[in-house]
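What follows is a single structure, written as structure tokens, with notes after it.
The values are calculated or read from the model by the stated rules, or taken from the named source; none is laboratory data. None of the values given here were measured: they were computed from a predicted structure. Note that we place each Cβ from the backbone using ideal geometry, even for glycine, and neighbour counts take in every protein chain shown. These area figures cover heavy atoms from the full protein model, side chains too; ligands, DNA and RNA do not enter into them. Shrake-Rupley method; radii C 1.70, N 1.55, O 1.52, S 1.80 Å.
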Amino acid sequence: SFSETLAIASTATNSPTNVSLSGTEVAAPTGMLTANPVNLNFGDVIQNTMSPARTVTLKNTGTTSLTINSVVSSNAAFQFTNPVQMTLAAGASTTMTVTFAPTAVATLTNETITLSHTGTPGTTTITVSGNGIAATRLLVANPTSIDFGQHVQGSPLLTEPATITNTGNSSVTINTVSISGGGTFTTTLTPQAVAPGQVVPFTVTFSPSSLGSFSETLAIASTATVSGLAAIPTVL
């Protein structure tokens with residue numbers, strides 16, 4: 001704000017003659033792009049998979065319209081929907097989505113998604129981070145061995161419960177279920193997909209057709225790194 005005086009000195013009897021001057025300089029109207037949120041942390045995401053999308057609201061909080069000219073990610077693992085060449089009037093808003101799709105096991109921090117636009121300042125930055133973790137596929141049998149003990153010939157067949165649990169972070173496919181030997185044991189376990197954390201119950205039945213001791217193995221072939229269950233019974 002400015003206030004000054006124009007003084008006119010002359011031969012007039014009322015010299016000087018004064019004129020008061022005042023005025024205020026204000027900033028030129030401009031657009032201003034704000035993002036909410038400005039920080040995104042995706043946490044742990046399995047390598048070669050994609051996180052759920054996160055939404056960012058972009059709003060023109062300035063006094064004139066602006067145009068988004070470009071959007072650039074500092075790391076290709078962070079992907080976005082592209083609002084390029086979108087014009088936002090003063091007070092208007094739009095949204096963009098951001099996902100994290102790591103292709104390697106790595107910790108990424110302080111990566112950025114930068115929007116360039118005609119507002120003031122000319123860029124708006126969103127900070128993004130996340131951890132790319134390895135896929136783990138583990139099948140755990142419980143129990144790992146079954147001893148049916150003694151079975152009297154002609155008595156009801158012996159059946160024992162068991163479970164298979166996927167303790168990894170990725171889905172496991174059971175491809176085949178087989179029991180070595182001459183068919184003394186049978187199981188209700190079948191080929192199937194097992195989600196992370198899923199527990200699959202099944203049973204194993206001891207059905208001897210002759211006298212003797214039997215020791216066989218229930219083999220569970222899968223995409224897991226560990227699988228297998230031993231069945232060790234005795235029959236009289």
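When the chain is modelled as a GNM with alpha-carbon springs shorter than 10 Å, which of Phe80, Phe214, Phe42 fluctuates the most?
Checking each option, the largest mean-square fluctuation is seen for Phe214.
Rolling a 1.4 Å sphere over the protein heavy atoms, what is the accessible area per residue of region 1-60, to the nearest Å²?
Accessible surface, normalised per residue, equals 72 Å².
For Met50, Met86, give the ranking by accessible area with the largest first, probe 1.4 Å.
Order by accessible area, largest first: Met50, Met86.
Tell me, what ³J(HN,Hα) does each residue in region 18-23 have, in order and in whole Hz, if you take phi through Karplus 6.51 cos²θ - 1.76 cosθ + 1.60 with θ = phi - 60° and put x for Gly and Pro?
Whole-Hz 3J(HN,Hα) from phi for region 18-23: 9, 10, 7, 10, 8, x.
By the scheme Lys and Arg +1, Asp and Glu -1, what is the net charge of all other residues having a beta-carbon under 13 Å from that of Phe148?
Local charge sum for Phe148: -3.
Give the carbon-plus-sulfur fraction of the accessible surface of region 109-149 in %, rounded to a whole number; probe 1.4 Å, heavy atoms of protein chains only.
Working: 890 of 1830 Å².
The nonpolar share, carbon plus sulfur, comes to 49 percent.
Could you check how much of the accessible area of region 1-51 is carbon and sulfur, as a whole percent, using a 1.4 Å probe?
Details: 2050 of 3820 Å².
It is 54 percent, rounded to a whole number.
Through the Karplus equation 6.51 cos²θ - 1.76 cosθ + 1.60, θ set to phi - 60°, convert the phi angles of region 206-215 into ³J(HN,Hα) values in whole Hz; use x for Gly and Pro.
Taking θ as phi minus 60°, the curve returns 9, 9, x, 9, 7, 6, x, 9, 10, 9 Hz for region 206-215.
Express in whole angstrom the spacing between the alpha-carbon centres of region 43-78 and region 184-224.
Here the two parts' Cα centres lie 49 Å apart.
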